[in-house]
Structure formats: structure tokens, C-alpha cells
1. For the range 181-228, which residues satisfy the criterion of being under 17 Å from LEU127 (Cβ atoms) and in contact with a helix residue (DSSP H, G or I) (Cβ under 7 Å, 6 or more places away or on another chain)?
2. Could you tell me how many of the residues in the range 251-269 are part of a loop (DSSP other than H, G, I, E, B) and either at pLDDT below 95 or more than 20 Å from the chain's Cα centre (by Cα) (or both)?
3. Take the residues in the range 240-278 that are small (Gly, Ala, Ser) and over 20 Å from GLY298 (Cβ atoms); name whichever of them is surrounded by the most Cβ atoms within 10 Å (Cβ to Cβ).
4. Could you please find all residues in the range 284-300 being over 26 Å from LYS165 (Cα atoms), in contact (Cβ under 8 Å) with a residue 12 or more places away in the chain and not in a strand (DSSP E or B)?
5. GLU217 passes all but one of (1) free of Cβ contacts under 8 Å to residues at least 60 places away in the same chain; (2) of a type outside the set (Ser, Thr, Tyr); (3) farther than 24 Å from LYS288 by Cα; (4) not in a helix (DSSP H, G or I); which number fails?
6. Can we say ASN211 is within 21 Å of LEU102 (Cβ to Cβ), among the polar types (S, T, N, Q) and not in a helix (DSSP H, G or I)?
7. Among the numbered conditions (1) under 24 Å from LYS165 (Cα atoms); (2) at pLDDT 95 or above; (3) surrounded by 19 or more Cβ atoms within 10 Å (Cβ to Cβ), tell me where LEU281 comes up short.
8. Condition first: assigned to a loop (DSSP other than H, G, I, E, B), touching an Asp or Glu at 6+ places or on another chain (Cβ under 8 Å) and buried (at least 17 other Cβ atoms within 10 Å of the Cβ). Now tell me which residues in the range 161-193 satisfy that.
Amino acid sequence: MDLSIKYLGYTLKNPVIVGSSGLTNSVDKIFKLEKNNAAAVVLKSLFEEQILQKSVNEADNYMYPEAYDYIKQYSKSNSIDNYLNLIEKARKAVQIPIIASLNARTDGDWVEFAKKIESAGAHAIELNISILPFNPNIDCKTIEKLHLTILENVKKQISIPLSVKISSFSSGLSNLIQQISWSKTAQSIVMFNRFYNPDIDINKMELSVSNVFSNAEDLMPSLRWIAMLSEKFDTQFVASTGVYTGEDVIKQLLVGADAVQIVSAIYKHGETYINTVVNQLKEWMQEKKYFSISDFKGKLSTSKIQNANVFERVQFMKYYGSLD
């Protein structure tokens, strides 16, 4: 039974990757994840806003302009140094790939961080582009061009593999993915990132935070899009959000995903739960007499099935038409 896959040029022992989160922010946690069958980890993100805002906040405590500039530069370096230190120590402690994560929404000086991350020993970088298209004065072409510009500028800084994690907020999502694929900047596309979700406390009349964790229903958007796009482009696809069970992993592989990322299920059940998910995948493969992931990967993508319209909007009528 061979559960191994190829991802970003590396051989992973199975398709289950632990996504960027607090689960991957220390060497001890990463070591435990590896021991419980995680195939790779994506480190907790280094946020563009986090670094820049920390620089400004610390610098504002100093009244002299020369001190302001010095502290601003120092706090940038200090944040980066902590992140680089984690990469270096994790590389020595575990055998699985360490994928660094940069969370960005603009194109700027932060792209230089990528070069330092590579020097620290990261196997790859996952670039999480978090752009919420809330401004009516900015059209979709401008936002999509920004995706490509950010990717191109980061790619210029590094030689290690680059992955991009995108949101579903695009008026032409498949076209954006096509442009990313054609640009040859990112070797994989992770679908999809999760935005901070605000809520309202109607008693206190205050803003609050909605559920941080994903749920089982969150699996469906990536399942749909990977099914429709996985066979069309020369790039790898990774399913993120809503992956809770071995059955979820199987579904994503069947529609063409190369790997999955799991986070919320581990928060809820602990790192040992990765073994449960991997064993469920293995048992299903034994039952179906599949000896490797490639034996069934993509068998239910839209290019391989006859009733591909189940993934399209026309099913809206069929869905509600069956309800009384």
C-alpha cells in the first residue's frame, strides 16, 4: 500500500498536510505532528500587516526621528529573526518538509522576506494572498493583476518552490487560476483561505468573532472548483478548509486534488487524529483494491465523468425542485 504523493517536488508519505495555524508555531508542536503521520507542515503565517504594524507601534514610542527609523528597522528584523529561527530549528528536528507561509495583501518591500526564509532552510513557501474586494472603485482586473505581481516579485527572490493560497472571492476565478498557471510562478494553488469572520452581539450591541474553526460543509467549495479545474491546468491543487475525515480526503483526491490541508479537526481532536484520518484512507484503498493514490486520483473530476453538470449552477433548479 503506497500512500505517498509528490508535492512541490518533494515526496510526501501521505497527502495530509497540516495547514498554517497555531498548530505549527513551535518546534515541539511540529515534532508531535510528524510523529502522528503529518506528511508536511505549513508554518503559522508571517503577516505583512503584523510586521509593519509592530514596526510602527514600537517606533512611535520614540520621539526623535533618528530613533524612530532605528527602532522601526529593528522590530522588522526581530520579527523576521524569530520566524527564521523557527525554520532553522524545525529543519533540524524533523524529516518532513517545512513550508513557510507569508500572508500578504499588497506588493511591497515585504517580498524581500522570502529570500531570508529560503536562506533559513524552508523547503518551500506558501504565499497566502488575502485581498477582500470590498472597494467598489477597484475592478476585478486590478485585483487579479495584483495577485500576479505579488507572485512574480516573490518568485524573483527565491529558487525554492512557491505555492499560492487564494480566496474564492474572484469574479473570474477560473481565469485567475489560468493566469497563475500560465505565469509559471506558483507550482501549486491552495483552495481556499479563510478570512476573519465578524459577527454581532445584539445584546451588547458590539462586534464579535464568529466561529474560528471550519465545519464539514466548508469542504464543498474547494471540492467543486478542484473537480472542474484540476485536469485543465499544469499546476497542483490542494484542498483546504472543511477537511475533517479520511472520507473528506478521499473525496478531494477523487476530484483531482494532489493533497489536502487539515487544521480545525486537529484543534478539536488532537494531533493523534491525523493517524485516524490516514488509516481511514488506507482502509478505503484496501477495500477498493487501490495500491497507490495515482490509481484513483482524479477519477471523478469533471473531465472524467458523464454527469459533470452536478458541479454547475444548473443543479440549483434540481436541488430546490425536489423540495415541497
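1. The answer is SER183, THR185, ALA186, ILE189, MET191, PHE192.
2. So in the range 251-269, the residues part of a loop (DSSP other than H, G, I, E, B) come out as 255-258, 263.
Still in the running and either at pLDDT below 95 or more than 20 Å from the chain's Cα centre (by Cα) (or both): none.
Count: 0.
3. Looking only at the range 240-278, we keep the residues that are small (Gly, Ala, Ser), and these are 240, 242, 246, 256-257, 259, 264-265, 270.
Remaining after also requiring over 20 Å from GLY298 (Cβ atoms): 264-265, 270.
Details: SER264: 22, ALA265: 20, GLY270: 12.
Here the residue is SER264.
4. So the first thing to find is which residues in the range 284-300 are over 26 Å from LYS165 (Cα atoms), and the list is 284-292, 295.
Those still in the list that are in contact (Cβ under 8 Å) with a residue 12 or more places away in the chain too: 284-286, 291-292.
Passing the criteria: TRP284, MET285, GLN286, PHE291.
5. (4)
6. Numbers: within 21 Å of LEU102 (Cβ to Cβ): no; among the polar types (S, T, N, Q): yes; not in a helix (DSSP H, G or I): yes.
No, not satisfied.
7. (1)
8. So the first thing to find is which residues in the range 161-193 are assigned to a loop (DSSP other than H, G, I, E, B), and the list is 161, 167-172, 184-187, 192-193.
With touching an Asp or Glu at 6+ places or on another chain (Cβ under 8 Å) added as a condition, the list becomes 170, 172, 185.
Within the range 161-193, SER170, THR185 qualify.
The values are calculated or read from the model by the stated rules, or taken from the named source; none is laboratory data. Here the structure is a predicted model, which is why all the values come from computation and not from measurement. As a convention, Cβ positions derive from the backbone with ideal geometry for all residues, glycine included, and neighbour counts pool all protein chains shown.
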